[in-house]
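Working notes for the structure below.
Since every read-out is calculated from the coordinates, none of them should be taken as a lab result. Note that this is a predicted model, so its numbers are computed, not measured. Cβ placement follows ideal geometry from the backbone for every residue including glycine, while neighbour counts extend to all protein chains displayed.
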Amino acid sequence: MVLIIKDEYPDKLFREDGKRLDGRDKNELRPIKMEVGVIKNADGSAYLEWGNNKIFAAVYGPREVHPHHLAKPDRGILRVFYRMATYSVFDRKRPAPGRREKEISMIISDCIEPVLFLELYPGTSFEVFIEVIDADGGTRCASTIVASLALADAGVPMKSLVTAVAVGKIDGEIVVDLSGIEDKAGDADLPLAITWFNNEISLLQFDGTMDAEEFDTCLTLGKEAAEKIYKIQLDTLRSKYISIQESVSEISNTSGGEE
Amino acid sequence: MEDEGEIQEDDEFEDEERSRELVVPGEVLTEDVNNFLPGRGTILNDTRDKIISLHIGLKQINKNYINVIPLKGIYTPQPGDKVIAIVVDKNPVKYRCDINAKDDAQLKPRNTERRIKTRLGRGRDYQRDHRDESNTDRFVIGDVLIVKVLSADRLNKPELTTVGKYLGKKNGGIVISIDPPKIPRVIGRSGSMIKMLKSLTNCNIFVTQNGRIWLRGDNIAYERLLIDAIYKIEREAHTSGLTDRIQAFVKNEKIKRGIK
């Protein structure tokens, strides 16, 4: 028996009380949880839970480039491998990297490259492996965040972290951080990434219809949301070392008391 | 033993009592660019009104320079460094050695033996210890060598030598690896940590800048204790009062493990 499930989207993306289908306000982000140093054998790694998205990233490098013809004699290269697990989406995702994976890998590498000092590592590559375990809208933004965290955790010199967030239009209203269903059924989708060194926009994609005024609102709302996420990123990076500091001082305090 | 020796290195963590604020990449260290200059691990932004950190590390103010000491990173070979290399490949012309840097280093046979100047006349004034220059029989793949970096830059492969004090092949012992930026902590202020570890565990230790540590003790119990202590130093490298804590740890563990 063949089971056919049609893609059906609700007519309305707002509830009667004015909130979104998952109960959020228009400017509210989904709950975010980040962690660094989760993969022991990688040079740097990070894990992100953003709403229903669950993403791992691992960084290796600088190391020799394979295949060798990709190596640049004057600078290093950043290679990003964005992959989705077969069970990450509703229909089984075919595991072979397709057009979408290649595009997302490219845009993540292009938007992180400006903050790295690749000219210091000629002939080598940094490799970022991003594995989406669970996907629910906005994985390209989430992957950018987790990749920049993993690079920072690996000790790669960076001008700043990179933060990304999607802003969009659903049922004629501008909302921040689109979920999977809002992304598919909504009117417009605008993922943007910000590098905090000089506050530059590093990624801007657009899909849908929107007028110029709405576009400006999107950018302002996007930046506000990105600032919130950036704080969480900084805290995550610090917490790895601060937790050790605290545990150490606790031990010394307790042992000192006993003596 | 002939294997005594450690490398003295400018102590990067010397300001132990002063501020050791944890900073992350992109964090603004100061906006006071008139009184401070960007030092190691920092950069000025494009409008030149902020000093920004490049690493996850500890902020340190040295006179009017602001430095960031990274807590994690890769080893960059510098000419003159003494490092532990592992022979990974060889051919009749040279050895290829892993020195934990981004490139494999090369060791040529002419750099593995002392060249004695003798008078042979007619232009041949070097006698090569009865060895042909294209001979790479001295070491085999997998050997652990203490080497000195002769030349290193970001474009070419580093070149090594085994001629010099403390250099050459290491027989026996254990090699462990830690994060290269944490090596100064294992050495301690003017070698205090390493002296303490040596006297408490009766082990020979050779600490090198590429994050590898060679050690050999009287028995395996001491070696294990020392390895645990070194990993503890690595984990807690950014905390203060480390030497005292490690001393207490080693003494406690000695009692716990029943070794005197």
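When only alpha carbons are used to place a centre, segment A:150-172 and segment A:53-77 end up 19 Å from one another.
Sequence-distant contacts, meaning Cα pairs under 8 Å at least 6 residues apart, place the relative contact order of chain A at 19 percent. The fewest-to-most ranking of A:VAL115, A:VAL165 by surrounding Cβ atoms within 10 Å reads A:VAL115, A:VAL165.
What the Cβ-Cβ distance of B:LYS165 and A:HIS66 gives, at R0 = 35 Å and to the nearest 0.05, is a FRET efficiency of 0.35.
B:VAL33 sits among other residues whose Cβ lies under 14 Å from its own Cβ, and their net charge, with Lys and Arg +1 and Asp and Glu -1, is -2. Electrostatic bookkeeping for B:GLY217 treats Lys and Arg as +1 and Asp and Glu as -1; over the other residues with beta carbon under 11 Å from its beta carbon, the sum is +1. Placing pseudo-labels 7 Å out from each Cα toward the beta carbon at B:ARG257 and B:ASP89 gives an inter-label distance of 3.8 nm.
Taking Cβ atoms as reference points and 12 Å as the exclusive limit, the residues near A:THR217 contribute a net charge of -3, counting Lys and Arg as +1 and Asp and Glu as -1. Take every Cα pair under 8 Å whose residues are at least 6 apart in sequence, average their separation, divide by the length of chain B, and the relative contact order is 18 percent. Rg over Rh for the protein assembly as shown works out to 1.05, using Cα positions for both radii and the Kirkwood form for Rh.
Working from label points 7 Å from Cα in the Cα-to-Cβ sense, the B:ASP228 to A:GLU16 distance is 6.5 nm.
Calculate, for B:ASP98 and A:ASP25, the FRET efficiency according to 1/(1 + (r/R0)^6) with r their C-beta to C-beta distance and R0 45 Å; round to the nearest 0.05. The partial results should precede the final answer.
On the way: r = 55 Å, r/R0 = 1.21.
Rounded to the nearest 0.05, the efficiency is 0.25.
Take the Cα coordinates of chain B, assign each an equal point scatterer, and use the Debye formula without solvent to give log10 I(q)/I(0) at q = 0.14, 0.17 Å⁻¹. Result of the Debye calculation: -1.01, -1.25.
Label sites at A:ALA85 and A:ASP7, each approximated as a point 7 angstrom past Cα along Cα to Cβ, lie 2.3 nm apart.
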